[in-house]
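Nothing in this text is a laboratory measurement; each read-out follows from the coordinates by a stated rule. All values reported here derive from a predicted model rather than from experimental measurement. Positions of Cβ are generated from backbone atoms using ideal geometry, with glycine treated the same way; all protein chains shown enter the neighbour counts.
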Amino acid sequence: MKVSKYSANGNDFILYHANEKVDRSEEAKKLCHRQNGVGADGLVVLMPHSEYDFEWDFYNSDGSYASMCGNASRAAAHYAHEKGISKDNLSTFLTGAGVIKATINGMYVVSQMTDPKIIDESIEAYGEHWWLIDTGVPHLISFKENIDTFDLAQARELREKYNANINIARIDGNDIYVRTYERGVEDETLACGTGMVSAFVRAKKEGLVSDSIRALPKSGDELYIKYEEGKYHFGGQVMQTFVAELGDI
């Protein structure tokens with residue numbers, strides 16, 4: 001079994017392609033284990049599709065299925081391009097949240113995200129005002145003046161109550177700094193694409209930023225999000241860290 005390991009701004013994934021769709025939740029837990037497996041935030045499996053370049057299944061490191069992951073979409077598009085699954089620097093593929101279109105320019109990949117859904121704009125918790133937005137997966141977003149500290153105990157409580165990822169964000173001019181606690185990983189991750197897009201959606205709806213912004217996750221990497229012709233586009237660098245041939249895990 002040969003797999004590729006990708007990092008998308010600190011969010012890391014294991015990718016491979018297969019011919020059939022089966023439940024790989026147990027496999028995901030083993031492969032994503034940081035000590036006894038390859039180690040990753042998630043597993044992406046690409047499978048053939050009659051209409052699109054491929055269909056994917058995405059699993060969090062705890063084996064739970066997720067409909068969408070922004071950073072994984074960029075890694076998957078690059079992987080498909082490298083393997084000849086998609087061509088002409090374009091990838092169109094089916095996720096649990098809908099069809100994703102991505103463009104590949106070297107190691108820089110831009111994904112056109114599925115249309116976001118604003119679920120609730122009036123959540124009050126821990127003295128903060130939160131919005132609940134679904135950008136393929138649900139996210140709670142709160143804007144704060146200082147995000148140097150992130151209360152993970154509170155994040156876990158909110159994650160359980162709303163079954164959503166938890167984001168705290170700070171706006172500085174046309175930049176958004178975002179920290180994310182991800183369900184399925186059950187901890188803060190270095191970056192979360194759908195979380196950054198959710199923060200941008202809220203900021204744009206509140207008139208706090210322009211149609212094109214820079215997003216900076218905990219990893220410190222730079223990503224870019226823009227709203228153009230009614231669609232949200234999320235771009236940044238990806239990196240293939242290694243390819244491995246695995247024995248029994």
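Couple of notes before you dig in:
- Taking the alpha carbon gyration tensor of region 26-76, multiplying each eigenvalue by 5 and rooting it gives semi-axes of 22, 11, 9 Å, largest first.
- Net charge in the neighbourhood of ALA215 (other residues with Cβ under 14 Å of its Cβ; Lys, Arg +1, Asp, Glu -1) is +3.
- With a Förster radius of 41 Å applied to the C-beta separation of SER122 and GLU245, the computed FRET efficiency comes to 0.20.
- Overall Cα dimensions of region 110-182, principal axis frame, Å, largest first: 32, 30, 21
- Here each label is just a point 7 Å from Cα along the line to Cβ, and for GLN35 and LEU208 those points are 3.9 nm apart.
- For region 79-84, backbone phi angles converted through the Karplus equation (6.51, -1.76, 1.60; θ = phi - 60°) give residue-by-residue couplings of 4, 4, 5, 5, 8, x Hz, Gly and Pro being listed as x.
- For q = 0.11 Å⁻¹, Debye-computed log10 I/I(0) when each Cα of the chain counts as one equal scatterer: -0.53
- Of the cross-linked pairs LYS161/LYS231; LYS101/LYS144; LYS144/LYS231; LYS21/LYS231; LYS21/LYS87; LYS2/LYS231, those separated by over 28 Å at the C-alpha level are LYS161/LYS231; LYS101/LYS144; LYS21/LYS231; LYS2/LYS231.
- 14 Å cut-off, amide nitrogen to a point 7 angstrom out along HIS129 Cα→Cβ, residues in region 200-216: 202-208
- Highest-first arrangement of 223-232, 128-137, where packing means the average Cβ count within 10 Å: 128-137, 223-232
- Each Cα pair of region 1-86 feeds into the Kirkwood radius, which the Stokes-Einstein equation turns, at 20 °C and 1.002 mPa s, into a diffusion coefficient of 168 µm²/s.
- Helix-only arithmetic for the chain: the sum of -39500 (n - 2.57) across DSSP H runs with n ≥ 4, divided by the residue total, places the mean residue ellipticity at 222 nm at -5500 deg cm²/dmol.
- Highest GNM mean-square fluctuation among VAL109, VAL22, VAL238, for the chain modelled with Cα contacts below 10 Å: VAL22.
- As a rough footprinting exposure proxy, the listed residues GLU124, GLU27, GLU182 were ranked by other beta carbons within 10 Å of their own, and the order from fewest upward is GLU124, GLU27, GLU182.
- Its Cα centre serving as origin, the chain has a Cβ charge dipole (Lys and Arg +1, Asp and Glu -1) of approximately 320 debye.
- For a label point 7 Å along the Cα-to-beta-carbon line of LEU152, residues of region 22-47 with backbone N under 16 Å: 34-35, 40-41
- Region 117-229: C-alpha pair distances exceeding 23 Å, %: 18 percent
- Rg over Rh [alpha-carbon atoms, Kirkwood Rh] for region 26-143: 1.04
- Region 117-229, dipole about Cα centre (Lys/Arg Cβ +1, Asp/Glu Cβ -1), debye to the nearest 20: 120 debye
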